[in-house]
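J.: Here it is: the structure, laid out below.
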Amino acid sequence: MSEYTKVKIGDICRIEKGRTGIASATPGEYPLVVTAEERKTCNTYQFDCEAVCIPLVSSSGHGKKSLKNVHYQSGKFALGSILCAVIPNNPQEVNARYLHQYLQFYKDTLLVPLMKGAANVSLSMRDITKVEIPLPDFDTQTLLAKTFVEVQEKQKQLDAEFEKQTEYVKRLRQNILQEAIEGKLTAEWRKTHPAEKGNPDFDAQALFEQIQKEKEGNSQQARKCVASSEAFPCGRTSLRPTPSAGSNAARNARLDDKQPFEIPESWKWVRLGDLCDFGKCQNIEPSSLNPDDWILDLEDIEKDSGRILSFRNFSENMSQSTKHIFKKNNVLYSKLRPYLNKVVVAPKDGCCTSEILPLDFGDKLLPKFMQFELMSPFFVSYTTNLSYGMKMPRLGKNDGKKAKLPLPSLAEQKEIVAKVESLLAKVTELENQIYERKKLSVQLMQTILKNAFSPRK
């Protein structure tokens, strides 16, 4: 194959701007090409031909240069006013599918660098006309176009399979957590470790009574401090106390007869507010933070996995909003969009956005076990159903405190954590394998296409 001749798009194509207002378009029988991959519809059409449709505005906005999609469209169609149509002058010499495939593949190197503007980043049609592309003979264009379509279809099939595998792994993780809080993972363990009444290590009721006694003592101490105007030992922070949730253990421990699911006889149903001061936080203002203080934001937490994706200090995250202070081994629970299931155990002291609630379960409960409880499908369903707010749903303080949770003995918590961590490690291994296969698949497809578009001498 000889070296391809390079030509400017403006020499082989005409470019027309779309005229249809996307928001005001009346749905109809004709495709309406928009910036998104999915087409809308319109009752009128602007073009009746083959064309490459290029967005003229950034996909990211906010001063960033990016183009997510370059589209191919044929037949009668309408075009949004923030896109343009690149139409071959002679369809017998320039294959529109080849042109689309080349521009889609190289959009980040050919088109995105041409985008201009500070806030409203855009691409001019004049600059598009100056873009140079290799143009082989028409038969070769047609062959390359066919190759691309085949590769694209194969990639879609692989993506669908990877999606199925990812969904399976997600369900597997959920099933493990649900069986953990139902006591199913430790059924055999309980046969050899019977309950010992009065021993919190092997008696959930005794453990619960111990937690309540300690919680009540802490509440009384806090009230004494407030009454005597003593400062809380918070260093550079200020503590804004809220009314105690554990002032009446008997009242708070009383549950209605209807239980969410069956648990072992040695376990006990409790409420989240019985185990911690849900919603009670130590606040700190940005002016009191040091540059190297760890600041945890919601985007730093991976949904569903309980993993922290990144550690950033205050010098990297200069947010000026009030933060919550947390200590090592606090369970950090995201009350915003609880369906995202962002719950982690703090590996060290730090601060977090006020959308994250630090939960201190003391030394009578394992932080990892409590993390698994709060990540279980049962708890996620409860919090999702009770969240308030349409665009930014949150779990309210009172609803959080009322949430029912199954409580096993301390020894069984340790056994559950060990089993869950072992099983989730295998799940993570599966996730990594799927990710690597998907990455290799993309790389292979990219190599095929790159070779197709690169002429051999």
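The numbers here are math on the coordinates, done by the rules we state, and not lab data. Please read all numbers here as calculations on a predicted model, not as lab measurements. Note that we place each Cβ from the backbone using ideal geometry, even for glycine, and neighbour counts take in every protein chain shown.
J.: Hey, of (1) 88, 52, 46; (2) 68, 43, 35; (3) 84, 62, 49, which did the structure itself give for Cα extents along the principal axes in Å when calculated?
T.: Only one listed value fits the structure, namely (1).
J.: I would also like to ask the following. When M445, M392 are ordered from fewest to most other Cβ atoms inside 10 Å of their Cβ, what list results? Mind showing how you got there, number by number?
T.: Working: M445 16, M392 10.
Going from least to most buried by this count: M392, M445.
J.: Which whole-number percent gives the relative contact order of the chain, counting Cα pairs below 8 Å spaced six or more residues apart?
T.: Answer for the chain is 15 percent.
J.: Can you sort T166, T109 from fewest to most other Cβ atoms within 10 Å of each residue's own Cβ?
T.: Numbers: T166 15, T109 8.
Starting with the residue having the fewest Cβ neighbours, the order is T109, T166.
J.: Then there is this: Quick one: putting +1 on the C-beta of Lys and Arg, -1 on the C-beta of Asp and Glu, what dipole do you get for the chain around its Cα centre, in Debye to the nearest 20?
T.: 780 debye
J.: In which sequence would F208, F278, F162 go, from the one with the fewest C-beta neighbours within 10 Å to the one with the most?
T.: Ranking F208, F278, F162 by Cβ neighbours within 10 Å, fewest first, gives F162, F208, F278.
J.: Got a sec? Charge dipole of the stretch 5-135, +1 on Cβ for Lys and Arg, -1 for Asp and Glu; which of G80, V112, C13 is way out at the positive end?
T.: Sorting the options by dipole projection puts first V112.
J.: Determine the alpha carbon to alpha carbon distance for each of K197/K426; K191/K303; K116/K439; K191/K404; K368/K426; K68/K164 and list only those over 29 Å.
T.: Values: K197/K426 36 Å; K191/K303 35 Å; K116/K439 32 Å; K191/K404 26 Å; K368/K426 17 Å; K68/K164 24 Å.
The answer is K197/K426; K191/K303; K116/K439.
J.: Still on this structure, please answer the following. Taking a quarter of the surface of the convex hull around the Cα atoms of the stretch 5-135, what do you get in nm²?
T.: Averaging across all directions leaves 7.4 nm² for the Cα convex hull.
J.: Given the stretch 292-362, what whole percent of its Cα pairs are spread farther than 14 Å?
T.: Tail of the P(r) past 14 Å holds 53 percent of the pairs.
J.: Label points 7 Å out from Cα along the Cβ direction at S319 and R437: separation in nm?
T.: Result: 3.7 nm between the two label points.
J.: Below 13 Å, Cα to Cα, which aspartates and glutamates can K335 reach? Residues fewer than 8 away in the same chain don't count.
T.: D297, E355, D399
J.: Let me spell out the model: positive unit charges on the Cβ of Lys and Arg, negative unit charges on the Cβ of Asp and Glu, origin at the Cα centre of the stretch 40-95. What dipole size does that give, in debye rounded to 20?
T.: In debye, rounded to 20, the stretch 40-95 gives about 380.
J.: Hey, another quick one. Test of understanding: extend the Cα→C-beta vector of K303 to 7 Å, then name every residue of the stretch 334-376 with backbone N under 13 Å from that spot.
T.: Only 336-343 fall inside the zone, counting backbone N under 13 Å.
J.: Give me the angle, in degrees from 0 to 90, between the Cα long axis of helix 204-227 and the longest principal axis of the Cα atoms of the chain, rounded to the nearest 10.
T.: For helix 204-227, the angle is close to 90 degrees.
J.: So what's the back-of-envelope 222 nm ellipticity for the chain, counting only DSSP H runs of four-plus at -39500 (n - 2.57) apiece and dividing by all residues, rounded to 500?
T.: Rounded to the nearest 500, the figure is -12000 deg cm²/dmol.
J.: Mind checking which of T166, L143, Q155 is farthest towards the positive end of the stretch 132-205's charge dipole, using Cβ charges of +1 (Lys, Arg) and -1 (Asp, Glu) about the Cα centre?
T.: Projecting each Cα onto the dipole axis, the largest value belongs to T166.
J.: Something else: Once the Cα atoms of helix 377-386 and of the chain are each reduced to a long axis, what angle between those two axes, in degrees from 0 to 90 to the nearest 10, is obtained?
T.: 80 degrees
J.: I'd like the orientation of helix 410-453 relative to the chain: the angle between its Cα long axis and the longest Cα principal axis, in ° from 0 to 90, rounded to 10.
T.: 10 degrees
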